[in-house]
Amino acid sequence: MELNKREFLTLSAGALAFASVAGTSGIALAAVEPTADEMIKAFTSGAAVGEGKVSLTTPEIAENGNTVPVEVSVESPMTADNYVAEVMIVADGNPNPGVATFKFSAMSGEAEASTRIRLAQTQNVIAVAKMSDGSFFMDKKAVKVTIGGCGG
Amino acid sequence: MAKSKPRVKVPKTADAGEIITIKTLISHQMESGQRKDKKTGELIPRKIINNFKAAFNGTVVFETVIEPAVSSNPYIQFKVKVPESGEFKFTWTDDDGSVYETAKKIKVG
């Protein structure tokens, strides 16, 4: 199916409208999908989250919200008793804020991974790293999205 | 929809203990469950790849839990420290239970 630019824009706008309606009045949706903060709390079990160590790389402006490259790397020696266990990525302005969770092992060598994600609108992307000793670190980057990538 | 085809790039050789970069891509529409059918106005049900695993000689070394926010044709790049020659096995799991697999050998030394 050919999707021309106008149709694409209409669809995207529709998706954005849907997302914002859901955000303001859609309690049903909110009840199903936890917010980004809730997801982070569930991930850390309420433990304090430090700054630093994690570096999240995203473009400042994403022209196409359908494929936004993100890269995360965490400072760690990555030895058998001191490594990065997991890194959760959430996007606080998506209808479903969960993006992906990378699970590393001591065999990773370096805690670094990248992927491509969808962003519905301009928002923050947050990476929370869980270390093998149970401590948490995070990084946050704002991404401006020109065309949302959730519905269209 | 065409069958999901995995593509993986692993170096053929490496030094012992070298940290290598692995790039993976699988063709998949990653239907987010947020889109509506244009004709009927009904939500198109979610169908995504929800999990990716990379195992080296039988041990899982890297795993990703994937949510609908990951783009279509999900691309994942990560690193692995290779101690010895062996085989990487990559597994993608679909919402519908299908499993897509591929494997690559690496020679160390």
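Descriptive notes on the structure:
- None of A:Ile89, A:Ile126 is more than 8 Å from chain B (Cβ to nearest Cβ), without any contact (Cβ under 8 Å) to a residue 40 or more places away in the chain and buried (at least 20 other Cβ atoms within 10 Å of the Cβ) except A:Ile89.
- Single condition A:Tyr83 does not satisfy, out of (1) closer than 30 Å to B:Lys36 by Cβ; (2) in contact (Cβ under 8 Å) with a residue 40 or more places away in the chain; (3) of a type outside the set (Lys, Arg): (1)
- Residue within region A:97-108 that is within 20 Å of A:Ala42 (Cβ to Cβ), within 13 Å of another protein chain (Cβ to nearest Cβ) and small (Gly, Ala, Ser) present: yes
- In region A:73-86, the residues that are under 22 Å from B:Asn50 (Cα atoms) and more than 10 Å from chain B (Cβ to nearest Cβ): A:Val84, A:Ala85
- Qualifying positions in region B:59-87 - within 12 Å of chain A (Cβ to nearest Cβ), more than 27 Å from A:Val68 (Cβ to Cβ) and touching a residue at least 12 places away in the same chain (Cβ under 8 Å): B:Lys81, B:Val82, B:Pro83, B:Glu84, B:Gly86
- Test: A:Val143 is within 11 Å of chain B (Cβ to nearest Cβ), within 21 Å of B:Pro74 (Cβ to Cβ) and among the hydrophobic types (A, V, I, L, M, F, W, C): no
- Some residue of region B:10-21 being closer than 18 Å to A:Ile117 by Cβ and not charged (D, E, K, R): no
- Top-ranked residue in region B:16-49 [being assigned to a strand (DSSP E or B) and out of contact with any Pro (no Cβ under 9 Å at 6 or more places or on another chain); ranked as nearest to B:Val80 (Cα to Cα)]: B:Ile19
- Strands (runs of 3 or more DSSP E) contained entirely in region B:64-109, each with at least 2 residues that are at pLDDT 95 or above, surrounded by fewer than 16 Cβ atoms within 10 Å (Cβ to Cβ) and touching a helix residue (DSSP H, G or I) at 6+ places or on another chain (Cβ under 7 Å): none
- Tabulated pairs, region B:28-56, first at the interface with chain A (Cβ under 10 Å from one of its Cβ atoms) and within 19 Å of B:Ser4 (Cα to Cα), second crowded, with 21+ Cβ neighbours inside 10 Å and among the acidic types (Asp, Glu), C-beta under 7 angstrom, 6+ apart or interchain: none
- Among the residues of region B:34-51, the one identified as of a type in the set (A, V, I, L, M, F, W, C) and exposed (fewer than 15 other Cβ atoms within 10 Å of the Cβ) is B:Leu43.
The values are calculated or read from the model by the stated rules, or taken from the named source; none is laboratory data. For clarity, every value in this text was computed on a predicted model and none was experimentally measured. Cβ atoms come from the backbone with ideal geometry, glycine included; neighbour counts cover every protein chain shown.
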